[in-house]
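Asks: I have a structure I would like to understand better, so I am pasting it below and will then ask my questions one at a time.
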Amino acid sequence: MKTTIAILLLAGLQFLVPTSGESAPDVNQIIEKTNHAAYYAGDDGKAQVSMRIIDAQGRERTREFNILRRDSSDGGKQQFYVYFKKPSDVRKMVFMVHKNIDRDDDRWLYLPALSLVKRIAASDKRTSFVGSHFFYEDVSGRPPKDDTHELIEENDTYYVIKNTPKVADSVEFASYTVWIDKATFMPKKAEYINKNGEKYRLVEALETQTIQGFPTVIKSRVADLLDGGETISEFSNISYNIGLAEDIFTERYLHKPPDEARR
Amino acid sequence: MIKFSLPIVVFLLFCITPQQVLATLRDTLYDDYRTDFYSFVEVRNGWRVDRNQDEKDASIAESRLQVALSTDLSKAIVKFKGDLVGDLVEEESRAELRDLSISFSPLNNVDVIAGRQIITWGTGDLVFINDLFAKDWESFFIGRDTEYLKAPSDALKTSIFFDAVNLDLVYMPVFHGSQFIDGTRISYWNNLSSKTGDRSLTVLDEDRNRFGNDSEFAARLSKNISATELALYIYSGFWQTPEGVNSTTWNLIYPRLSVYGLSLRAPLLGGIANFETGYYDSRQDPDGDNGFVRNSEIRFLVGFEHELGTDFTGAFQYYLELKQDYDAYERSFSGVKSDDEYRHLLTARLTKLLMNQNLSLSLFSYYSPSDHDAYLRPKANYKLTDQWALEAGGNIFIGKDDQTFFGQFEDNTNIYTSLRWSY
């Protein structure tokens, strides 16, 4: 008990020690800033997304949807509303997520032909999002607290950070390395290493634009480096701080998609 | 022959119409009339595996064109969805209107939908307790798309959203009931004749169609507490399938029914758990001693869904029907073979997605340990492209006795395939 208190005191005192002005920010601060920049721009936002999914044989499928996002707090809970437009067999379906920090996300799927609100088990976030090479976690963000972070390189442009999962069995990767733009704190690319030590997955931001003052990825790509195949996402009609009400992310608006989602 | 080949002609027309023309039509409708357009054409064929009764070899043989339009009038949305069907089993072509409704919000916290519409609520997976809206069991058993299990209701649906709770009120001025198994396409156990009924012994039922008098009313009060969804239900109307007999004409009738229920759905142990119960008050048989009307029942459902692996989901349910006033029920049958007091039913759903989720393999199975019967629904759906989808599946009935719920359909075991083009 005494030791614990001593450690706590020591830990607390560390904050009082002045850091030298030019030193690199702490790795956890970089990750936190990146998480905010990449997933919490503005208080809310919307975008039209067009995905090209190309399989290992070169066959192409497309997905088109509008996505709405609302933050309960920066770095905290979020709500997502995904309204499908293409292909026609999934048209008007809605996928809704309440992203939680301390427990599994809540997910719903609305099937208009049956007028059915289905709740989806959401324990595994590292499965394909709508058949693409993106995972659910790529769309809604991986909680920084699930990994330990290590700054392995720093150059003029990027912080290079290696992330290792705290619970190794909970994910398919052994580690992943992210290149973070020092100016914007936006991730430029992420390389995933599997448990055999092979580089098997690459996620990259192909084009970025500043929209309403927020650096925004407008084209991104995920490539399967072992089996082949890739998905390219393009984002358009992006706007932030549009004043989305919290009740849009409830059952009422699954039956009655709001204008913001349909247009 | 010409009559029911119309949808086939339309199908061929669709297939040869350049997609560019359709794309232009869609854009024009959307830009100039704020109207959204969707369509599919489908051919679906199925066969009985072992035919013993007087039913056709083909369980399903139809081509279908569906057109859906929705127009945004800014203060209201008008929806239309209709099917044209060329049906070689029933040797007819027909038009089916699935949706013709207007939805609007007269007040900030009120949504109204008036007209023909599909209504669904409750927590069961292909098991229904408090969802007493019309179903089409024939479509379900012959292998039409799951969409057709839900039959449309002509209703006025009002939803009111308060801070504390939400209230849905549904009024259906004329009762239609569910499309039940009557022998025309699927043979069934005919209790009155104590033998299996088929095309030569179809069910005669007495419609309830007096406007206002034969109306149905359903309400749901719902609330979410954190991630837990709670709901209370009331229904006042009729048994959806003819669960009574007119003792003078010996035709089947739809006795009066009220249902009071509740449901709960919440995340549990990394999955989703659901619980639902309902008391079925068979109002024309209050003491359970009327052998011509089905007894009151308590129904109970508990289910759990969990991911079993990547893109692999398993869901399990236990369902119970408990007959009330069972002694009186048995006496009213005086020695004739009657139903058990308890009907237990287990369901399991396994779904696996493969090939970038373009191939979906699923198996839904019902098994009743009390009735000693089972019903299996295997299905494979492959999306050849974003437009074309190929499907194959089966409806397999297994039973020890001829008169149990699934056992009676044993001779109707069928397999089917379909090809659908959606635009």
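Asks: Using alpha-carbon pairs under 8 Å, 6+ residues apart, how would you state the relative contact order of chain A in percent?
Replies: 19 percent
Asks: I'd like to know how segment B:315-423 sits against the 2.2 N^0.38 Å rule of thumb: what's its Cα Rg over that expected value? Let's see the in-between values first.
Replies: Working: Rg = 18.9 Å, N = 109, 2.2 N^0.38 = 13.1 Å.
Computed over Cα atoms of segment B:315-423, the ratio equals 1.45.
Asks: Pop out the ³J(HN,Hα) list for segment A:98-104 in order, Karplus 6.51 cos²θ - 1.76 cosθ + 1.60 with θ = phi - 60°, rounded to Hz; leave Gly and Pro as x.
Replies: Values, residue by residue: 9, 7, 10, 9, 9, 8, 4 Hz.
Asks: Let me ask something additional. Using only alpha carbon positions, build the gyration tensor of segment A:173-263, then give the equivalent ellipsoid semi-axes as the square roots of 5 times its eigenvalues, largest first, whole angstrom.
Replies: With the √(5λ) rule applied to segment A:173-263, the semi-axes are 32, 19, 13 Å.
Asks: Moving on. Cut-off is 10 Å between beta-carbons; in what order do A:Met186, A:Met96 appear when sorted fewest neighbours first?
Replies: Numbers: A:Met186 19, A:Met96 23.
Sorted ascending by nearby Cβ count, the order is A:Met186, A:Met96.
Asks: From the Cα trace of chain A, what convex hull volume per residue do you get, rounded to a whole Å³?
Replies: Here the figure is 167 Å³ per residue.
Asks: Here's a follow-up. To the nearest whole number, what is the average tally of beta carbon atoms from other chains within 10 Å of the beta carbons of peptide B:224-230? All intermediate terms of the calculation are to be shown ahead of the outcome.
Replies: Numbers: counts 3, 0, 4, 7, 0, 5, 0.
What the average comes to for B:224-230 is 3.
Asks: What is the mean number of Cβ atoms from other protein chains located within 10 Å of the Cβ atom of each residue in peptide B:264-276, rounded to a whole number?
Replies: Working: counts 0, 2, 2, 10, 1, 3, 6, 6, 8, 2, 1, 0, 0.
Mean partner shielding for this stretch: 3.
Asks: Relative contact order for segment A:125-237: what percent, with Cα pairs under 8 Å and sequence separation of 6 or more?
Replies: 16 percent
Asks: Here is a follow-up. Based on the alpha-carbon gyration tensor of segment B:256-297, what equivalent-ellipsoid semi-axes (square roots of 5 times the eigenvalues) come out, in whole Å, largest first?
Replies: Its equivalent ellipsoid spans semi-axes of 33, 9, 6 Å.
Asks: Given the convex hull over the Cα atoms of the protein assembly as shown, what projected area results after averaging over all orientations, in nm²?
Replies: So the Cα hull casts an average projection of 36.7 nm².
Asks: Taking amide H positions as placed 1.01 Å from N in the peptide plane, with prolines and chain starts having none, which residues 5 or more places from A:Phe129, or on another chain, fall under 5 Å of its amide H?
Replies: Here the answer is A:Phe134, A:Phe135, A:Tyr136, since their amide H atoms fall under 5 Å of that of A:Phe129.
Asks: Rounded to two decimals, what ratio of Rg to Rh does segment B:226-350 give with C-alpha atoms and a Kirkwood Rh?
Replies: 1.09
Asks: May I ask you to evaluate 6.51 cos²θ - 1.76 cosθ + 1.60, the Karplus curve with θ = phi - 60°, for each residue of segment A:187-198 and list the ³J(HN,Hα) values in order in whole Hz, giving x for glycine and proline?
Replies: Those phi angles translate into x, 8, 7, 9, 10, 9, 10, 8, 6, 8, x, 8 Hz.
Asks: Classify segment A:205-250 from the C-alpha gyration tensor, please: rounded if a/c falls under 1.5, else prolate or oblate depending on whether a/b exceeds b/c.
Replies: oblate
Asks: Provide the FRET efficiency to the nearest 0.05 for the A:Ser73-A:Lys145 pair, computing r from the beta carbons and using R0 = 22 Å.
Replies: The formula returns an efficiency of 0.90 here.
Asks: Roughly speaking, what is the stretch gain from B:His306 to B:Leu346, that is 0.36 nm per residue apart minus the C-alpha to C-alpha distance, in nm to one decimal?
Replies: So the chain would gain 12.8 nm between B:His306 and B:Leu346.
Asks: Please compute the Cα-Cα pair-distance distribution of segment B:122-204 with 5 Å bins starting at 0, giving whole percents from short to long.
Replies: 3, 12, 16, 17, 18, 14, 9, 4, 3, 2, 1, 0
Asks: Please compute the contact order of segment B:196-242 in relative form: average sequence separation of alpha-carbon pairs under 8 Å and at least six residues apart, divided by the residue count, as a percent. Mind showing how you got there, number by number?
Replies: Numbers: 33 pairs, mean separation 14.6, N = 47.
The value is 31 percent.
Asks: Let me ask something additional. What FRET efficiency comes out for A:Arg252 versus B:Ile225 if R0 is 22 angstrom and r is the Cβ-Cβ distance? Round to the nearest 0.05.
Replies: For R0 = 22 Å, the calculated efficiency reads 0.85.
Asks: Apply 1/(1 + (r/R0)^6) to the Cβ-Cβ distance of B:Glu206 and B:Leu262, taking R0 = 35 Å, and write down the FRET efficiency to the nearest 0.05.
Replies: 0.60
Asks: Here's something else I'd like to know. Mind pulling the angle between the C-alpha long axis of helix A:27-39 and the longest principal axis of chain A? Nearest 10 degrees, somewhere in 0 to 90.
Replies: 20 degrees
Asks: Pairwise over distinct Cα atoms, reciprocal of the mean inverse distance: report the Kirkwood radius of segment B:40-149 in Å, one decimal place.
Replies: 16.5 Å
Asks: Any chance you could check the Cα centroid distance between segment B:189-251 and segment B:64-118 for me, in angstrom?
Replies: A separation of 24 Å, based on Cα centres.
Asks: Specify, per residue and in Å³, the volume enclosed by the convex hull of the alpha carbon atoms belonging to chain B. Please list the in-between numbers first.
Replies: Numbers: hull volume 71.2 nm³, N = 423.
For chain B, the hull spanned by Cα atoms encloses 168 Å³ per residue.
Asks: If you don't mind, another one. Would you look at the GNM of chain B, springs on alpha carbons closer than 10 Å, and say which of B:Ser101, B:Ser338, B:Ser362 moves the most?
Replies: B:Ser338
Asks: Separate question: Please give, to one decimal in nm, the separation of the simple spin-label points placed at B:Ile398 and A:Asn155, each 7 Å out from Cα toward the Cβ.
Replies: Placing both labels 7 Å along Cα→Cβ, they lie 6.3 nm apart.
Asks: Which angle between 0 and 90 degrees, to the nearest 10, do you get for helix A:2-14 versus the longest principal axis of chain A when only C-alpha atoms count?
Replies: 80 degrees
Asks: Okay, helix-only estimate at 222 nm for chain B: each DSSP H run of n ≥ 4 adds -39500 (n - 2.57), divide by all residues, round to 500 deg cm²/dmol; what do you get?
Replies: -3000 deg cm²/dmol
Asks: OK, next. Apply the Karplus curve 6.51 cos²θ - 1.76 cosθ + 1.60, θ = phi - 60°, to the phi angles in segment A:211-222 and return the couplings in whole Hz, x for Gly and Pro.
Replies: Those phi angles translate into 10, 6, x, 9, x, 9, 6, 10, 8, 9, 8, 10 Hz.
Asks: May I ask you to compute the full-extension gain from B:Asp54 to B:Ala95, defined as 0.36 nm times their residue separation minus their alpha-carbon distance, rounded to one decimal in nm?
Replies: Difference between extended and current length: 12.1 nm.
Asks: Also: Give, as a single signed number, the net charge of other residues whose beta carbon lies under 11 Å from the beta carbon of B:Gln387, with Lys and Arg counted +1 and Asp and Glu -1.
Replies: +2
Asks: With label points built 7 Å along Cα→Cβ from the Cα atoms of A:Ala183 and B:Asn109, find their separation and express it in nm.
Replies: Label-label distance for A:Ala183 and B:Asn109, simple model: 5.0 nm.
Asks: Right, next: Taking every pair of distinct Cα atoms and averaging 1/r, then inverting, what Kirkwood hydrodynamic radius in Å comes out for segment B:147-296?
Replies: One decimal place: 17.8 Å for the Kirkwood radius.
Asks: So, one more: With runs of 4+ DSSP H residues as the only contributors, calculate the mean residue ellipticity of chain A at 222 nm using -39,500 (n - 2.57) per run, divided by the residue total and rounded to the nearest 500.
Replies: Details: 5 runs with 40 residues, N = 263.
Helices in chain A give a 222 nm mean residue ellipticity of -4000 deg cm²/dmol.
Asks: Count, for each residue of A:102-115, the Cβ atoms from other chains sitting within 10 Å of its Cβ, then give me the mean as a whole number.
Replies: 4
Asks: If I stretch the segment between A:Asp43 and A:Lys86 completely, what's the gain in nm (0.36 nm per residue apart, minus their alpha carbon distance), one decimal?
Replies: Contour length minus the Cα-Cα distance gives 12.7 nm.
Asks: Continuing with this model, one more query. Bin width 5 Å, origin at 0, all Cα-Cα pairs of segment A:64-131: what percent of pairs per bin?
Replies: 4, 16, 24, 25, 19, 9, 3, 0
Computed from the coordinates by the stated procedures, all read-outs in this text should not be read as laboratory data. Source: prediction; values computed, not measured. Using ideal geometry, Cβ is built from the backbone for each residue, glycine included, and neighbour counts are taken over all protein chains shown.
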